[in-house]
Each structure stands twice: as C-alpha cells, then as structure tokens.
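The values are calculated or read from the model by the stated rules, or taken from the named source; none is laboratory data. Since this is a predicted model, take the numbers as computed values, not measurements. Positions of Cβ are generated from backbone atoms using ideal geometry, with glycine treated the same way; all protein chains shown enter the neighbour counts. Note: accessible area is taken over every heavy atom of the protein model, side chains too, but ligands, DNA and RNA are not part of it. Shrake-Rupley method; radii C 1.70, N 1.55, O 1.52, S 1.80 Å.
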Amino acid sequence: MIRKIALLNHMGGGNLGDDATQSAVIQNIKARWPDVEIALFSMNPADTAPRHGVAAYPIRTETWNRHEKRGPGSPPARWRQRILAVLPFLRTLKAATAEKLGPLWKEIRFLANALRVIRSFDLLVVSGGGQLLDSWGGPWKFPYTIFKWTLLAKLSGARCYFLNVGAGPLTHPKANWFIRRALALADYVSFRDENSRDLAQTAGFQGKAHIAADCVYALDVSALPSHDVARKDGPVVGLSPMAYGDPRVYWQKNQAVYESLIGNVVRFGDWLREHHYNLSLFSTDIWFDLPTLEEVRSRLETSNGHRPRGTVNQEHITTVGELLSRISSMDYIVTCRFHGVVFAHLLNKPVLALSHHPKVATLMSDLGLSKYCVDIHRCDAAALQDTFLSLVAEREDIKSRMAERASGYRTALAAQFDHLFSDGVRA
C-alpha cells in the first residue's frame, strides 16, 4: 500500500518551471489519492516547503540556501566543557583530514541520514525537466544525486518512477554510468521528448521508456487571478531574456555572447516600443535572470528617449501563480526558456522562442512552431523583428493549433497519471 510519496527535483533556485512541475504532479496525485502523504526532496528545502505546503528534505550535502541553519543548535551545557577540552585535538584532526577525507565523511553521514529518511516512503518520483544532465557541475552533481537516491529507494523497498524527465547534455562517461544505472533501477521511465529518450539510450539505457509531454501541461490553470499590465494603447509583449553566457552566473561563461544577446534584445525591444507595443519584462527563473532583466530594462529606458513608444514594465514575480496570472494578461510572449514556451502554450499565447538548447527547438517543433524559433547564437534584432511580424500576422491560426495540441497533451497526461496512480498500483 502506497501511503507516502517523495518527489525529487533539483529545485529551489528560483526556477518556476521546476516549481510548476511539482505543483502539477502534486495536484494530479492528490486528485487520485487524496489521503496520500507527499514530501519534496529539493536543493533548497527552506524555500520549497513553504511554496508547496509539504515537508521538504535536502538532496545533497550542499544546498542552494546559504542562510539555512545547520544542525540542532548549541549543545547542552554539560557537554560544552568536554567539547572544549578536546577542541585542540579536533582542530588538528580536521586540518589533517579535511582536504581529502572531509567531503567523504560528510557524504557518508548524509547517505546514512538519507537512507533513514527514504525508508519511510513507499514511492520515489523523479520529475522535472532537466534532471539528466552533467553541464551544471559535472557527473558528481545531478547524475550522482539522481543515482544515489534511486539506489537508496530501491534498497529500502520503495518503487521508483522517472516521470517525463528531460535529458542532456550528457558528455562525461561517469555521468552516463550514473544515469544509466539509475534508470535501470526504476520501475517506470518516461521522457518528455524523443531526443531525451535517444540520449539516454546513447548513454546505455536499454529499458522500456515512454514519451509524454512535460508535466506542467497537467497543471490546473482554471482559476487564475486577474492581473492588469500597465499599458498605453497597443498590445503587450512579454519579453523574457535569460542570462545566457553571463560570466557571473552561467555555466558556459562568454561575455561576448551575453553582450550580443542583450544588445539584440534591447534593439528588438526598442523596435517594438516604436511600433506601439508595450513591454512586460519577466523570467521563469526569478533569481538567476534578475540581473539580466534589470540590465535590459535600464538600457530600454535610456535609449532613444525622444521617440514616442509603448511602456516598459518589469514584472515582480515570486510564485507560479503570479507568473501565470501575468502571462495571461499578455498578448505575445518572446522567451529564451523552455518553460517560458510551455507557460505560453498552456495559456494559449503566441510565442517566439530564442533557442539556447535543443529542448527549446524540439518543443517548438513538436508544437508546429519551428517558424517562430530563432537560434540564440544567430539571432539579431532584424531576424527577431521579421519573425515577430509573422507571428502577429498568423496569430489566430497559431492560437488554434496551440489550443488543439495543448488539449491533446492534457488528455495524454491524465491517462498517464490514471495509469500510474490507480488503486491497483497503490495496492
């Protein structure tokens, strides 16, 4: 009998696509098993728990929350003198072992505690888009984390699902090994696109795998609060740049690429405003992309100020609900991020994508919108203008196709959740 479910995702860094994924999974499980207990395993439990209203646990020794308190607090008074007496010895031992053995002992302690935690759960669900990759930190970050939790779950007798995950890039042999082993241990595996499945198979996974749309398409958006965007006469374009190449934060540090992207986005934004479009700046990653949003806004507000143009508004967003509410009030979306495309599709907003990763181009192709997908490395303001004009001219046809495809995704996801979280499976 499945009574407790753990949902694992590398979330907690401000990526609202990750949070929306977990909200969708929680909604759909609870709709089928109302009395089941759900907890989240994340990179930032202090942020994740209040966002979703459930218990949350760390998935690594190092989390993304720099302010999280560690340990149970100060030791009882009777132990302080004993600790102080051996402190010189402990310092010497720490200095001798910290460099080589310190991280190892820390990980061993973490694994022991993780095993204790996971033993209380009946099912581990690894969900969320970019879970199977080694670009952020190499094989000992995402791949090892996924492998160790899957192994611990199976050692504890729990079932394990990989639910509509994305894969890539995977370039390191050790990362391929971790991912291959983790997927082989699972009771159910599904990918969000064929490219991800193909990459996992290239890494050596030979088990049965399904294809289903990103879980965010299963999110209930029927009761969004209304939100009015500040505008003059004219449509609102949601403009969502990202910190691609930004040496301050991005894993591939390239100042020239970043400057080129920001320059073209600003010139495109200027063109939109000169044609009486109102701009609403936002991102689906509310922390990572914030400096980029502020930089774009600053440049837009100081360039060509003598020309009549539409408004510029930078949306202050902290939650998935706020994000969806604001997107619902926009007329067009221009985004660099995968879940920016998903959110636009979910709310039936014509979308122009600047693809920084094959997953974005793949999604736009699956939606029949490749015409409105521009490679981020080759985009310039003129190309964005031409593509946007086509988007506007074909708006109604695009909205019709998007609505049909979104309906199909929701139907297929409902069937998937029915299959995985039925009474027969639970028993």
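Give the number of residues within region 199-220 that are hydroxyl-bearing (Ser, Thr, Tyr) and in contact with a Phe, Trp or Tyr (Cβ under 9 Å, 6 or more places away or on another chain). Full working, then the answer.
Start the filter on region 199-220 by keeping residues that are hydroxyl-bearing (Ser, Thr, Tyr), which leaves 202, 217.
From what is left, the residues that are in contact with a Phe, Trp or Tyr (Cβ under 9 Å, 6 or more places away or on another chain) are 217.
Residues that pass the stated criteria total 1.
Among residues that are over 22 Å from residue 28 (Cβ atoms) and either free of Cβ contacts under 8 Å to residues at least 60 places away in the same chain or open to solvent by 60 Å² or more (accessible area, probe 1.4 Å) (or both), residue 112 is included. Considering only residues in region 1-35 that are assigned to a loop (DSSP other than H, G, I, E, B) and either without any contact (Cβ under 8 Å) to a residue 60 or more places away in the chain or of a type in the set (D, E, K, R) (or both), the one that is nearest to residue 153 (Cα to Cα) turns out to be 3.
Restricting attention to region 383-427, the residues being modelled with pLDDT under 95, exposed (fewer than 14 other Cβ atoms within 10 Å of the Cβ) and among the small types (Gly, Ala, Ser) number 3. Taken over region 155-191, the residue count meeting the criterion of being modelled with pLDDT of 95 or more and either β-branched (Val, Ile, Thr) or touching a Cys at 6+ places or on another chain (Cβ under 9 Å) (or both) is 10.
Selection within region 322-337: residues that are within 27 Å of residue 136 (Cβ to Cβ) and of a type outside the set (Asp, Glu). The member of this set that is surrounded by the fewest Cβ atoms within 10 Å (Cβ to Cβ) is 324. Among the residues here, residue 329 qualifies as out of contact with any helix residue (DSSP H, G or I) (no Cβ under 9 Å at 6 or more places or on another chain), polar (S, T, N, Q) and modelled with pLDDT under 95. If I filter region 8-65 down to residues being under 17 Å from the mean Cα position of the chain (by Cα) and hydroxyl-bearing (Ser, Thr, Tyr), which single residue comes out as nearest to residue 146 (Cα to Cα)? My answer is 42. Only a single item in (1) modelled with pLDDT of 95 or more; (2) open to solvent by 20 Å² or more (accessible area, probe 1.4 Å) is not met by residue 340, and it is number (2).
If you check 101, 152 for being open to solvent by 10 Å² or more (accessible area, probe 1.4 Å) and modelled with pLDDT of 95 or more, only one passes: 152. All told, residue 317 falls short of being touching a Lys or Arg at 6+ places or on another chain (Cβ under 7 Å) and crowded, with 23+ Cβ neighbours inside 10 Å.
Does residue 230 satisfy the criteria of being at pLDDT below 95, in contact with a strand residue (DSSP E or B) (Cβ under 6 Å, 6 or more places away or on another chain) and in a loop (DSSP other than H, G, I, E, B)? When the stated conditions are applied, residue 230 passes them. Answer with yes or no whether residue 190 is in a helix (DSSP H, G or I), among the small types (Gly, Ala, Ser), in contact (Cβ under 8 Å) with a residue 40 or more places away in the chain and more than 18 Å from residue 39 (Cα to Cα). Answer is no for this residue.
Candidates are the residues of region 344-382 that are of a type in the set (Lys, Arg) and buried (at least 19 other Cβ atoms within 10 Å of the Cβ); the one that is nearest to the chain's Cα centre (by Cα) is 359. Could you list, in sequence order, the residues of region 129-158 that are in a loop (DSSP other than H, G, I, E, B) and out of contact with any Asp or Glu (no Cβ under 6 Å at 6 or more places or on another chain)? Correct list: 129, 133, 134, 135, 136, 137, 138, 139, 140, 141, 156, 157.
When region 159-182 is examined, which residues are found to be part of a helix (DSSP H, G or I) and of a type in the set (Phe, Trp, Tyr)? If the condition is that a residue be part of a helix (DSSP H, G or I) and of a type in the set (Phe, Trp, Tyr), then 177, 178 are the ones that fit.
Evaluate region 168-185: report whether one residue or more is touching a residue at least 12 places away in the same chain (Cβ under 8 Å), touching a strand residue (DSSP E or B) at 6+ places or on another chain (Cβ under 8 Å) and surrounded by fewer than 19 Cβ atoms within 10 Å (Cβ to Cβ). Taking every residue of region 168-185 in turn, at least one turns out to be touching a residue at least 12 places away in the same chain (Cβ under 8 Å), touching a strand residue (DSSP E or B) at 6+ places or on another chain (Cβ under 8 Å) and surrounded by fewer than 19 Cβ atoms within 10 Å (Cβ to Cβ).
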